[in-house]
1. Could you work out the longest stretch of the chain that avoids the chymotrypsin sites (Phe, Trp or Tyr not before Pro) located in DSSP loops with at most 15 other Cβ atoms within 10 Å?
2. Just the C-alpha atoms of region 1-117: what Rg/Rh do they give, with Rh taken as the Kirkwood radius?
3. Would you mind telling me the share, in percent, of accessible area of the chain contributed by carbon and sulfur at probe 1.4 angstrom?
4. Which residue fluctuates the most in the chain, going by a Gaussian network model with Cα springs under 10 Å, if the choices are 191, 96, 111?
5. If you line up the long axis of helix 249-279 against the longest principal axis of the chain, both from Cα atoms, how many degrees apart are they, to the nearest 10?
6. Using a Gaussian network model of the chain whose springs link C-alpha atoms within less than 10 Å, name the residue from 58, 190, 152 with the highest mean-square fluctuation.
7. Please state the equivalent ellipsoid semi-axes for region 182-287: what are the square roots of 5 times the Cα gyration tensor eigenvalues, largest first, in whole Å?
8. What whole number of Å gives the distance from the Cα centroid of region 149-170 to the Cα centroid of region 203-268?
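The values are calculated or read from the model by the stated rules, or taken from the named source; none is laboratory data. In this text, all values refer to a predicted model and were calculated from it rather than measured experimentally. Glycine also receives a Cβ, built like all others from the backbone with ideal geometry; neighbour counts cover every protein chain displayed. All accessible areas refer to the heavy atoms of the entire protein, side chains included, with ligands and DNA or RNA removed. Shrake-Rupley method; radii C 1.70, N 1.55, O 1.52, S 1.80 Å.
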Amino acid sequence: MASVALSEAEKVYIVHGVQEDLRVDGRGCEDYRCVEVETDVVSNTSGSARVKLGHTDILVGVKAEMGTPKLEKPNEGYLEFFVDCSANATPEFEGRGGDDLGTEIANTLYRIFNNKSSVDLKSLCISPREHCWILYVDVLLLECGGNLFDAISIAVKAALFNTRIPRVRVLEDEEGSKDIELSDDPYDCIRLSVENVPCIVTLCKIGYRHVVDATLQEEACSLASLLVAVTSKGVVTCMRKVGKGSLDPESIFEMMETGKRVGKVLHTSLQSLLHKEESLGPKRQKVGFLG
């Protein structure tokens, strides 16, 4: 992960500020930086989104392709995640430098979506045991400015909200053989419900307190962080501790409560923004670099 070198004096300044609920950029401990979300930014995908969270820049594309259901879940489709850590994001990702981080992020996304409540996978089934939709979710890290997991989860949810899957019909002839008919109407498509898709809230322990949406400088002052996947209803679906430091049970409980509280507000703001952008229709102004 991208890192930054800080002197001891700078670390003391950041840590003491957090204890007083005053961070270097003026935010409180539970405040996010300004989030920019734009959907439908890549034309050759089924759905896409770009998210800027401070200096963290994420691009997500979703591609729907027809495939065969998994043997253990014959009446469901599934999602595949791939994370590419661009060398433009930080020199540390040059060569194969970003592979480990990419695998870590992809595994975290698999854990979040590995439950029946996140996405209705049965709606992706076309014909049980034979055909289903596979959603390939490609995540590209364009810039790293701290708090990668939160930004990526927001971008994935926005891209899935924007995803449109062609409607298909299964036709069976007299001999019992099945044919799949794809609708000719580009507007005749199915949409995924993302109401229960969780967002990650990362809480970094700094001194005796914890902060959300940490910058690179604040991450350098933290020895342990807690990743909490929260739904729009405040339900925790997944939790993971990262970092070399330890967390006591009381801190974990406090961080979970903060994560649930902050996560509900984050979901409300994101859903409002996505519906507002969609209501503008094709006439909306593209502001991203791909617009």
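1. That gives 1-186 as the longest site-free run.
2. Ratio of gyration radius to Kirkwood radius for region 1-117: 1.07.
3. Accessible surface attributable to carbon and sulfur in the chain totals 51 percent.
4. 96
5. Rounded to the nearest ten degrees, it is 50.
6. Highest fluctuation of the listed residues: 190.
7. 36, 16, 12
8. Comparing the Cα centres of region 203-268 and region 149-170, I get a distance of 25 Å.
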